[in-house]
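Written out below as structure tokens is the structure these notes cover.
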Amino acid sequence: MERLGCVSVDLDSLHHYGRIHGLEDGALPERAADLVYTTALPRFLDLCAALGVPLTLFAVGEDLSREPAARALAGAHRAGAEVGNHSCHHDYALTRRTREQIHLEVAEGERAIQEITSARPKGFRAPGYTLNAALYQVLEGRGYRYDSSVFPAAPYWAAKAAVMGGMRLFGRRSRAVLDTPRVLLAPRAPYRPDPASPYARGAGAVLELPITTASGTRFPFIGTYALTLPAPAVRALYRTTRAQPFFNFELHGIDLLDEADGVPRALARVQRDALVPAARKQARLREVLGWLKDDYRLTTLSEAAETVGRTLDAV
Ligand SMILES: [Zn+2]
């Protein structure tokens, strides 16, 4: 299989992070609401344009009701970025809802994006990386080409459990939902899922493009860690991981923000990567994108889905 690499950014606005950490919406000041779109997105676009790296963005429908976010996303789309659907309200408990509610979340997110880009999203990423049969079947029914939600990262899973446990301990309620450990058994390379059990292989129409985890350790090679861990650790993780023929590097808008940009102290205290200066994270991202460019042909996720899908179906 041709070695393909993808770089994607989930554009979750900051209040979604407030919710994971059990902070009330009101705890975040109004001026923080648009930072991901007005400050982080241009940084990603500039860097990727300078390096010739195609970018895939995942947008949350409700965030786009704010004019600055809608304007920024329209500009990104005009500049050539693919825009995928990251649901309407970024409900961390999406897979616990009824099929009708799940359908509405997907369809409404899609509508909000299509209003801005005039293009129907071809890809979906679930809030909190949690997939189930109902959600997968909704994506199939709506003609999605790919999903990119499966994240089989062992330490991440453990860390998420610890954070949620810790919050219960301190009396704060997290809206994150702990995924089933079954995700740890999911394939780490692109696969066609079983619609009745999408963490297993089958013959589903929507291709799954899992988020890359480091080989061996299953450490999550995502922006949060790749941009903030000491450089030798990140280089070592990358060296073990680049043997994989498909590299799906996932980042978040907040990855290129810091307190000086206006990330509120209450949030930075719990989302500690926001304490690392944005300029330092930007320099690191430039370095990591350089490695990926040397080792992979970089494409958008929808292009990768077409190419990988043809290869899988030909076998
Ligand atoms: Zn998200």
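The values are calculated or read from the model by the stated rules, or taken from the named source; none is laboratory data. The structure displayed is predicted, hence computed values, not measured ones. Glycine gets a Cβ as well: all are built from the backbone with ideal geometry, and neighbour counts include every protein chain shown. Accessible surface is based on the protein model in full, side chains and every heavy atom, while ligands, DNA and RNA are left aside. Shrake-Rupley method; radii C 1.70, N 1.55, O 1.52, S 1.80 Å.
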### Query
Is it the case that segment 25-33 has a residue that's open to solvent by 40 Å² or more (accessible area, probe 1.4 Å), of a type in the set (G, A, S) and more than 20 Å from the chain's Cα centre (by Cα)?
yes
#### Entry: Criterion (open to solvent by 20 Å² or more (accessible area, probe 1.4 Å) and at pLDDT below 90) met by exactly one of R297, R284, R235, R269
R269
### Message
Just to be sure I understand the filter: pairs with C-beta atoms under 8 Å, separated by 6 or more residues or on different chains, first member in segment 300-315 and surrounded by 14 or more Cβ atoms within 10 Å (Cβ to Cβ), second member among the β-branched types (V, I, T). Which pairs pass?
### Response
T300/T56; L301/T56; S302/T56; T307/T299
## Note on the structure
Looking across segment 178-231 at residues that are touching a strand residue (DSSP E or B) at 6+ places or on another chain (Cβ under 7 Å), of a type in the set (A, V, I, L, M, F, W, C) and assigned to a loop (DSSP other than H, G, I, E, B), the single one that is nearest to L257 (Cα to Cα) is I222
### Pair list, Cβ < 6 Å and 6+ apart or interchain, from segment 117-131 residues that are away from the ligand (no atom under 13 Å from the Cβ) to residues that are in a helix (DSSP H, G or I) and open to solvent by 10 Å² or more (accessible area, probe 1.4 Å)
T117/H77; R120/Q114; K122/S302; G123/S302
### Query
Here are L251, L292: which of them is out of contact with any Pro (no Cβ under 8 Å at 6 or more places or on another chain), surrounded by 18 or more Cβ atoms within 10 Å (Cβ to Cβ) and not in a helix (DSSP H, G or I)?
L251
### Query
Does segment 203-226 hold any residues that are open to solvent by 10 Å² or more (accessible area, probe 1.4 Å) and at negative phi, and which are they?
A203, A205, S215, T217, F219, T224, Y225
#### Entry: Total residues in segment 53-102, condition in contact with a Lys or Arg (Cβ under 8 Å, 6 or more places away or on another chain) and more than 16 Å from the ligand (Cβ to nearest atom)
2
### Task
Inspect segment 141-157 for any residue being surrounded by fewer than 16 Cβ atoms within 10 Å (Cβ to Cβ), modelled with pLDDT of 95 or more and out of contact with any His (no Cβ under 6 Å at 6 or more places or on another chain) and give the result as yes or no.
yes
### Task
Scan segment 34-64 for residues that are hydroxyl-bearing (S, T, Y) and open to solvent by 50 Å² or more (accessible area, probe 1.4 Å) and jot them down.
T38
### Query
Does segment 99-108 contain at least one residue that is in contact (Cβ under 8 Å) with a residue 24 or more places away in the chain, surrounded by fewer than 16 Cβ atoms within 10 Å (Cβ to Cβ) and not in a helix (DSSP H, G or I)?
no
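Please determine whether any residue of segment 110-123 is modelled with pLDDT of 60 or more, β-branched (V, I, T) and either closer than 25 Å to T212 by Cα or outside any helix (DSSP H, G or I) (or both). Show your work before the answer.
At the first step, the residues of segment 110-123 found to be modelled with pLDDT of 60 or more are 110-123.
Filter once more, so that each one left must be β-branched (V, I, T): 113, 116-117.
Adding the requirement that they be either closer than 25 Å to T212 by Cα or outside any helix (DSSP H, G or I) (or both) leaves none.
Checking segment 110-123: not a single residue is modelled with pLDDT of 60 or more, β-branched (V, I, T) and either closer than 25 Å to T212 by Cα or outside any helix (DSSP H, G or I) (or both).
Can you spot a residue in segment 8-15 that is among the hydrophobic types (A, V, I, L, M, F, W, C), over 18 Å from the mean Cα position of the chain (by Cα), under 25 Å from F151 (Cβ atoms) and open to solvent by less than 20 Å² (accessible area, probe 1.4 Å)?
Just the residues of segment 8-15 that are among the hydrophobic types (A, V, I, L, M, F, W, C), to begin with: 9, 11, 14.
Subset that is over 18 Å from the mean Cα position of the chain (by Cα): none.
Scanning segment 8-15, I find no residue that is among the hydrophobic types (A, V, I, L, M, F, W, C), over 18 Å from the mean Cα position of the chain (by Cα), under 25 Å from F151 (Cβ atoms) and open to solvent by less than 20 Å² (accessible area, probe 1.4 Å), so the answer is no.
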### Task
Give the residue that is farthest from the ligand (Cβ to nearest atom), with candidates limited to residues of segment 28-52 that are part of a helix (DSSP H, G or I) and touching a His at 6+ places or on another chain (Cβ under 9 Å).
A32
### From the options A93, A79, residue that is open to solvent by 10 Å² or more (accessible area, probe 1.4 Å) and over 24 Å from V288 (Cα atoms)
A93
